1. Do you know which residues across the stretch 56-84 are touching a strand residue (DSSP E or B) at 6+ places or on another chain (Cβ under 7 Å) and among the hydrophobic types (A, V, I, L, M, F, W, C)?
2. Whether any residue in the stretch 260-270 is more than 30 Å from His149 (Cβ to Cβ), more than 21 Å from the chain's Cα centre (by Cα), among the β-branched types (Val, Ile, Thr) and at pLDDT 95 or above is what I want to check.
3. For a quick check of your reading of the model, give me the residue pairs whose first member lies in the stretch 74-87 and is in contact (Cβ under 8 Å) with a residue 12 or more places away in the chain and more than 16 Å from Ser12 (Cβ to Cβ), whose second is among the hydroxyl-bearing types (Ser, Thr, Tyr) and open to solvent by 40 Å² or more (accessible area, probe 1.4 Å), with beta-carbon atoms closer than 8 Å and at least 6 apart or on different chains.
4. Failed condition for Leu167, given (1) modelled with pLDDT of 95 or more; (2) assigned to a loop (DSSP other than H, G, I, E, B), with all others met?
5. Kindly evaluate Ala81 against the criterion of being within 30 Å of Gly125 (Cα to Cα), out of contact with any Ser or Thr (no Cβ under 8 Å at 6 or more places or on another chain), small (Gly, Ala, Ser) and open to solvent by less than 70 Å² (accessible area, probe 1.4 Å).
6. Out of all the residues in the stretch 201-214, is one or more at pLDDT below 90 and aliphatic (A, V, I, L, M)?
7. Would you mind listing the strands (runs of 3 or more DSSP E) fully within the stretch 46-137 where at least 3 residues are in contact with a Lys or Arg (Cβ under 7 Å, 6 or more places away or on another chain)?
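The values are calculated or read from the model by the stated rules, or taken from the named source; none is laboratory data. Keep in mind that this is a model prediction, so the values were computed, not measured. For neighbour counting, all protein chains shown are included, and Cβ atoms are generated from backbone atoms with ideal geometry for every residue, glycine included. Calculation scope for accessible area: heavy atoms of the full protein, side chains included, ligands and nucleic acids excluded. Shrake-Rupley method; radii C 1.70, N 1.55, O 1.52, S 1.80 Å.
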Amino acid sequence: MTASRSRTPGLSCLTAFEAVARLGSVTDAASELDLTQSAVSRQIQRLETQLGTSLFERDRKRLRLTQPGRHYASEIRAGLAQISAATIALQANPDGGILNLAILPSFGTHWLAPRLPDFLRNHPGITLHMSTRTVPFDFTAAPGEAAFHAAIHRGQNDWPGTNALKLWDEQILAVASAQLLQSGKAQSLPRLQLETRPQAWAQWSTDQGWAEHRQPVMVVDQFGTMLRAALAGLGVALMPDYLVAQELENGTLVQLPDTKPTSTGAYYLVWPEKGGENPTLVAFRDWLSSQPAPVPIAISAM
């Protein structure tokens, strides 16, 4: 249901409130907004009257946000950032829209980016803003930033307050350089670990029936770095199969003998429950659902 206009504060009041809340000063806010101090003070008073609550505690010339004021400022700041982003997008691309998307670095580089020309060719009016995230996404906007419309992440689809489209199950392989494999028994080789998956080796070892859980010799923050380390012979890496397909085919990496692929999660496109009807998101979601998952590669163990 559309909110009554009489219950929605004016944009000028909200802009004045956000500036004072952020700067902590009516004088500074007035300077930023190119208004008089009295004009800013009237906007704040009008907003407090309309809301029926005090947003600031007044101590002489200092202003401090009340508890309701702090919460309201956070919500308003995100809304104003979204309005600003929408305005910029319309001015830059009046025939389309913008999609703010959080992606996993390796997924974006190795799988998504090569396929995006097809999406952009079929949706020439859409501008993609992509940001890499290696930790679980957050759909709330930081001050001065527009919120993500969606994120591509890996997990179990257990994120509260969201809807999701499953892309495919991730298949993990233990891989190493052929030279490293020749240097010792597979279970005694040094191990490489991804920072965001501290339990990966323990889970993988359990799936393989290995009792020994060795500590990693190197911890990295991205699969790309771990891939380079594995190629250099620094250790065994647990890698998604689609990220090492080329290396396995040309023999620069090999799968550990007598081991099997494992899966502890899947890739998903995830979006807030209340944001699923965004036209740019709908277009991207429909396109993404039509893309085939990577084909598992038949690998011969050494």
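1. Within the stretch 56-84, Phe56, Leu63, Leu65, Ala73 meet the criteria.
2. no
3. Listed pairs, sorted by first residue: Ala78/Thr140.
4. (2)
5. yes
6. yes
7. none
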